[in-house]
Amino acid sequence: MGPPGAGKGTQAQRIADAYNIVQLSTGEMLRSAVAEGTEVGKKAKPIMERGDLVPDEIVVGIIDERFGSPDCANGFILDGFPRNTAQAEALDSVLEKRNMELDHVVELQVDDEALVERITGRFTCANCGEGYHDKFKRPQKPGVCDRCGHRKFTRRDDDTEATVRSRLEVYHRETAPLLAYYGAQSKVKSVDGMAEMDEVTRQIQAILGAP
Ligand code: AP5
Ligand code: MG
Ligand code: ZN
């Protein structure tokens, strides 16, 4: 858990690779639906551009369906879900139905002021999805993806300063209360999301234990 730009996607990808589990990012799934122009995508597009939350039944439906895939059997890391109490309760019942359990909730603690810079500088490989940043993580060879060698990159439509500010507001109003929800179950572990990327990964791995 963490506000927009906290590093959820960056860290989730690393953890998924290291632990051989899948990264389930509702934001990524919704962006694919928008790109493909599906019914869900058409509904989600204007909402995401405003920085509001897409209706719960849509995201819960996507997640529930995804949990049934064979690649989830070894475990998964949720990135950007749940985002409000209704989604957390829905997650509890979906997990129970499938006899699965949530092991940890990791919170990335960051200063809101740093987030606008992180988000407006972000870009992603159009081929493999590797994340980069104009200042904090440039490709080693300019214009070429470190991971796959591709030369095309994309920026997100919702990564404008105005949308980031409204996403931040939504985070504090709707999502941050989940820290108390999971705190009551003694599941929350916090890490310093302002530290360097590799250090954040180390802190998370210390919580999860050896891969
Ligand atoms: P989503 O895609 O989840 O976006 P978000 O929560 O706004 O978070 P971001 O993806 O922007 O940031 P991140 O924490 O992943 O940071 P990143 O690792 O990229 O959701 C988008 C939209 O979809 C929502 O607004 C909503 O409309 C909808 N949606 C999604 N899920 C939903 C749900 N469950 N219910 C309803 N609606 C939903 O890092 C950011 C940048 O910083 C990168 O460039 C990175 O390289 C850099 N960086 C990362 N870590 C560090 C570090 N330690 N030091 C320096 N730079 C760093
Ligand atoms: Mg993300
Ligand atoms: Zn790539």
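Structural remarks
- Every residue from region 96-133 that is surrounded by 13 or more Cβ atoms within 10 Å (Cβ to Cβ), among the charged types (D, E, K, R) and away from ligand 3 (no atom under 16 Å from the Cβ): GLU107, ASP112, GLU117, ARG118
- Residue within region 6-17 that is more than 12 Å from the chain's Cα centre (by Cα), more than 16 Å from ligand 3 (Cβ to nearest atom) and open to solvent by 40 Å² or more (accessible area, probe 1.4 Å) present: no
- When residues of region 23-33 are limited to those that are over 13 Å from PHE81 (Cβ atoms) and buried (at least 19 other Cβ atoms within 10 Å of the Cβ), the one nearest to the chain's Cα centre (by Cα): ARG31
- Taken over region 57-71, the criterion of being open to solvent by less than 50 Å² (accessible area, probe 1.4 Å), assigned to a helix (DSSP H, G or I) and over 18 Å from ALA35 (Cβ atoms) is satisfied by VAL60, GLY61, ILE63, ASP64, PHE67.
- Odd one out for ASP52 among (1) within 9 Å of ligand 1 (Cβ to nearest atom); (2) closer than 25 Å to GLU107 by Cα; (3) assigned to a helix (DSSP H, G or I); (4) of a type outside the set (Lys, Arg): (3)
- Being near ligand 1 (Cβ under 10 Å from one of its atoms), within 29 Å of GLU117 (Cα to Cα) and of a type in the set (S, T, N, Q) is true of GLN11.
- Among the residues of region 72-92, those that are at pLDDT below 95 and either open to solvent by 60 Å² or more (accessible area, probe 1.4 Å) or within 13 Å of ligand 1 (Cβ to nearest atom) (or both) comprise ALA73, ASN74.
The values are calculated or read from the model by the stated rules, or taken from the named source; none is laboratory data. All of these numbers come straight from a predicted model, not from anything done at the bench. FYI the Cβ positions are ideal-geometry reconstructions off the backbone, even for glycines, and counts take in every protein chain you see. For the accessible areas, the whole protein counts, side chains as well, though only heavy atoms, and no ligand, DNA or RNA atoms are used. Shrake-Rupley method; radii C 1.70, N 1.55, O 1.52, S 1.80 Å.
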